[in-house]
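The structure appears right after this line, and notes come after that.
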Amino acid sequence: MWSRRQLKERLKPLALTARRVSRDCPTLMDLAYSSPRSFSQFGEDRFLLRHFADCPPGFYVDVGAYHPFYCSNTHLLYRRGWHGINLEPDSEAFALFGRHRSRDINLPIAVCDTNGIATFARSGSFAGIVDDKHLWNDMSGERITVRTSRLDALLAEYVPAGTQVDLLDVDCEGHDLDVLRSNDWERFRPSVVLAEAHGQDAREEIEAYLQDRCYKLATQLDMTLAFVPLKWLLHHLTRVIWEPPTEVRVGPVIRCAAAPSIDGTSHQHRRPPLPTKTGSPPGLFLSCGIPRVAAAPAAGVSVGSRTPLRLLL
């Protein structure tokens, strides 16, 4: 016979698992379609949960949503109180959204750079507008006629007034760049943009297009590229610089110059002054994921002084 302590130790893993399940309250459909703690194909939903961890429930636009659970980048967000717009022209898949995404705006429309109609091919999980950009033009399957619309027209019509689009998720099997080009970036600037790139050429085109709109590649999850606004990166970098202690990794990416404290107080940083490189002007090099920005030190200020730092852009 086991002692009470031995029995408790053996049952502890089961109790912890039951507690996690009861707190998250997964449905049978969730368990059928999800991998552990993720519904996305490459873990995009886990990245989104980390990115928006300190934010209230927001608003997403899922272009080429495909399925409310399977390979869905927005289902975990939906379960945590988010809502948004799902765009899926496949009539069979679209019926599932009406059943399982009742808080969302679900539209059977294909998004591209023109308004009108198009031929849409579907064969299992492979579907898309039939043209020279479609990745599986030679596939056999059912072909239907669907309505097409530009993204800016759809957002102007269906995004509630005063609502910020927090996430734009695009998965259109080779048409992702066309979808991005159809958005009004002056009016609708999502906090995160996800897009799929099939091949190096597609990646470079998407990255160049979004860089021109002041977005920076934050991470790549297999084929999925995740972009955030450059001002978001600068905001968080500034917080790291201003909030002592300054614990940063040294790397030749961006140069900063010392600046006086905002409140006039003296902040003492734990990191000692960094040695300068031979033949290079003095400066503090901070490791971050944005392009090099060169700036001269402020006049009369020692870069190695123990004062807060600010970016000179």
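Quick check on packing: order 150-159, 168-177 by the mean number of other C-beta atoms within 10 Å, highest mean leading. Write out the running numbers ahead of the final one.
On the way: 150-159: 16.8, 168-177: 23.3.
Listed from highest to lowest mean packing, they are 168-177, 150-159.
Separation between the residue 103 and residue 143 pseudo-spin-labels, each 7 Å from Cα along Cα→Cβ, expressed in nm?
Inter-label distance under the simple model: 4.1 nm.
Nearest 5 percent is fine: what portion of the DSSP beta bridges confined to region 35-232 is antiparallel?
On the way: 22 of 40 bridges.
Of all bridge pairs located within region 35-232, approximately 55 percent are antiparallel.
What is the local net charge at residue 61, summed over the other residues whose Cβ is closer than 11 Å to its Cβ (Lys, Arg +1; Asp, Glu -1)? Don't skip to the answer; put the middle values down first.
Details: positive: none; negative: 62, 104, 166, 169.
Charge balance near residue 61 sits at -4.
Modelling each spin label as a point 7 Å along the Cα-to-Cβ direction, I'd like the residue 11/residue 222 distance in nm, to one decimal.
Here the modelled spin labels are 4.0 nm apart.
Show me the ranking of peptides 102-111, 214-223 by mean Cβ neighbours inside 10 Å, starting with the highest.
Working: 102-111: 18.6, 214-223: 15.8.
Answer by packing, highest mean first, reads 102-111, 214-223.
Taking K and R as +1 and D and E as -1, what net charge do the other residues with C-beta under 15 Å from the C-beta of residue 159 add up to? Each step should come with its number before you reach the end.
Working: positive: 103, 150, 187, 189; negative: 62, 104, 152, 157, 166, 169, 184, 186.
Charge balance near residue 159 sits at -4.
Values quoted throughout were computed directly from the atomic coordinates according to the rules given, and no laboratory measurement underlies them. Just so it is clear, the structure is predicted and the values come from calculations on it, not from any experiment. Backbone-built Cβ (ideal geometry, glycine too); neighbour counts: all protein chains shown.
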